[in-house]
Amino acid sequence: MEDYNATTRNGHQLIDFYDSDANTLDIRSNGLYPSKILTELRDNYDKRDKGIVHKKRIFVDMDNVLVDFDSGLAQVSEEVKQEYEGRLDEIPGLFGLMKPMPGAIEAMHELQKRYDLFILSTAPWKNPSAWSDKVKWVTQYLDDVFHKRMVITHRKDLCQGDYLIDDRGKNGTSEFSGEWIEFGSEKFPDWRSVLEYLNAKEKYPLHNYGR
Ligand SMILES: [Mg+2]
């Protein structure tokens, strides 16, 4: 009978031989694994073969994360800016004028290979054209990544995911149940720093079993 509680076998420590995230066995064990570990290994391969494996989910904010808000403002006349002083995000058509943030397009194509990506943005309640402008923007710049993968809400905390990349804690971001990556902060000043962080932390983002 197999002793599932064994901690050593033939002088080898059995702990740490199995990495459940990577679904791999440590070769230093000389092939001496408890059958419990082998069963788990096989089950995880079965799940992967049946397509049960889920990618980790990342939500991405738009303004000042994907979209350079100021690049839109720069194309608006001083007259209009004065008219909308204190509520610049209500300028009609403003969101359609904005350019992508540096590195944002490339970063999305990189993340798309390994993660389940969605846009999670808020649009001003009093500027309905901003809602459609945001969809148009995504269609123009990143339709290959975010086609029909977009949530516009004032309650970002209601969305379930592993990460939310957002520059502000507003509209539910600070209450998000996954990890908030604060874009533009000292730790994450740009897209490069975000990609480096995720690459270092998530060696095996495809092996997130059992969601
Ligand atoms: Mg933002």
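The values are calculated or read from the model by the stated rules, or taken from the named source; none is laboratory data. Every value quoted in this text rests on a predicted model; they were computed, and no experiment measured them. Quick reminder, even Gly has a Cβ in these numbers, built from the backbone with ideal geometry, and neighbours come from all protein chains shown.
Looking across the stretch 170-189, the residues that are more than 15 Å from the chain's Cα centre (by Cα) and charged (D, E, K, R) come down to 170, 175, 186, 187.
Does residue 85 qualify as being out of contact with any Cys (no Cβ under 6 Å at 6 or more places or on another chain), in the same structural domain as residue 177 (by TED's automatic domain parsing) and surrounded by 14 or more Cβ atoms within 10 Å (Cβ to Cβ)? Can you show your working first?
Values: out of contact with any Cys (no Cβ under 6 Å at 6 or more places or on another chain): yes; in the same structural domain as residue 177 (by TED's automatic domain parsing): yes; surrounded by 14 or more Cβ atoms within 10 Å (Cβ to Cβ): no.
Here the answer is no, as residue 85 does not meet what is asked.
Among helices (runs of 4 or more DSSP H) entirely within the stretch 47-164, having at least 2 residues that are within 16 Å of the ligand (Cβ to nearest atom) singles out 69-73, 94-97, 104-112, 128-146. Against the list (1) within 13 Å of the chain's Cα centre (by Cα); (2) surrounded by fewer than 16 Cβ atoms within 10 Å (Cβ to Cβ), the condition residue 116 fails is (2).
State whether one or more residues within the stretch 117-127 are modelled with pLDDT under 95 and hydrophobic (A, V, I, L, M, F, W, C).
The first filter runs over the stretch 117-127 and keeps only residues modelled with pLDDT under 95, leaving 123-127.
Adding the requirement that they be hydrophobic (A, V, I, L, M, F, W, C) leaves 123, 125.
Yes; the residues of the stretch 117-127 include at least one that is modelled with pLDDT under 95 and hydrophobic (A, V, I, L, M, F, W, C).
Assessment of the stretch 16-34 against the conditions (outside any helix (DSSP H, G or I), modelled with pLDDT under 95, of a type in the set (Ser, Thr, Tyr) and in contact with a strand residue (DSSP E or B) (Cβ under 7 Å, 6 or more places away or on another chain)) yields at least one matching residue.
Restricted to the stretch 172-200, and to residues there that are outside any loop (DSSP other than H, G, I, E, B) and among the acidic types (Asp, Glu), the residue that is surrounded by the most Cβ atoms within 10 Å (Cβ to Cβ) is 182.
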